[in-house]
Amino acid sequence: MNKVLVGGAVVGVIYSAVGFPSKIRGRSMTPTLNPDDSKYSDYIWMSKLGSQQFKYQRGNVVCLVSPKDPKERLIKRIIALEGDTVKTLAYKNRQVTIPEGHCWVEGDSKYRSCDSNIFGAISMGLIQGRATHIIWPPSRIQRLDNRYPEERVQIPPDSKHIPTSNPSLGTSKHSILANEKE
């Protein structure tokens, strides 16, 4: 009995502090995740390391609680951080300066994604972790890059967030929706 309790505690700590595998549903992150030519859904490693301190960079692919439905989890790419000004794709304002404690997220497939272009900047508190690798299927195993559309983001000179699009930077049955426009 004690071994089961200890084993459960270890799994709980790994899940809440280190990370977990997660299945991706939907096509809003195509071609990065679930490319159109793939017959299998991608599984990613969702890292929880640094998530409590909100240590995110532009270009990180993150899991977040949907600002429209708190029961739903989304996967999107951070485009802009607090203080940045982003040129939007379809938001009510053509440019948005990101408020403190917020970020701008978008799907890689801009015409299939329900993202900040619809609901605006999101609170960093909605982010639950950072996707670091595709871990399944075997033919797609790879580290996820941190690219973002630099031409659309104006970063203030005194930004505490280091800009980078350098690709070298970095349950069991969890599923994250790469949600699509309704």
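Values quoted throughout were computed directly from the atomic coordinates according to the rules given, and no laboratory measurement underlies them. Keep in mind the model is a prediction, meaning the values are calculated, not measured. Heads up, the Cβs are rebuilt from the backbone with ideal geometry, glycines too, and the neighbour counts pull from every protein chain shown.
Please report, in cubic angstrom per residue, the volume enclosed by the convex hull of the alpha-carbon atoms of region 19-177.
Values: hull volume 17.4 nm³, N = 159.
Output value, Cα hull per residue: 110 Å³.
For a quick protection proxy, order the peptides 72-80, 141-149, 127-135 by their average other-Cβ count within 10 Å, most packed first. Walk me through the intermediate numbers first.
Details: 72-80: 24.8, 141-149: 16.8, 127-135: 20.1.
Per-residue mean Cβ counts within 10 Å order the peptides as 72-80, 127-135, 141-149.
Taking 18 Å as the cut-off for C-alpha to C-alpha distance, list the pairs among Lys48/Lys68; Lys23/Lys68; Lys23/Lys55; Lys48/Lys76; Lys76/Lys110; Lys71/Lys110 that go past it. The partial results should precede the final answer.
Values: Lys48/Lys68 23 Å; Lys23/Lys68 21 Å; Lys23/Lys55 23 Å; Lys48/Lys76 16 Å; Lys76/Lys110 11 Å; Lys71/Lys110 23 Å.
Where the Cα-Cα span goes over 18 Å, the pairs concerned are Lys48/Lys68; Lys23/Lys68; Lys23/Lys55; Lys71/Lys110.
List the residues whose amide H sits under 5 Å from the amide H of Ile79, counting only those 5 or more places along or on another chain, with H placed 1.01 Å from N in the peptide plane.
Those qualifying (amide H under 5 Å, at least 5 residues apart or on another chain) are Gly59, Trp104, Val105, Glu106.
Using a cut-off of 10 Å between beta-carbons, work out the net charge of the residues near Met46 (Lys and Arg +1, Asp and Glu -1, Met46 not included). Mind dumping the intermediate values first?
Details: positive: Lys48, Arg73, Arg130; negative: none.
Around Met46, the surrounding residues sum to +3.
Between Asp36 and Gln128, what is the label-to-label distance in nm when each label sits 7 Å out along the Cα-to-Cβ direction?
3.0
Which order do the peptides 153-159, 99-105, 35-41, 64-70 take when ranked by the mean count of other beta-carbon atoms within 10 Å per residue, highest first? Could the numbers behind the result be given before it?
On the way: 153-159: 12.0, 99-105: 19.1, 35-41: 10.4, 64-70: 15.0.
Peptide ranking by packing, descending: 99-105, 64-70, 153-159, 35-41.
Considering only the other residues whose Cβ falls under 14 Å of the Cβ of Pro138, what net charge follows from Lys and Arg at +1 and Asp and Glu at -1?
Numbers: positive: Lys39, Arg140; negative: Asp42.
Charge balance near Pro138 sits at +1.
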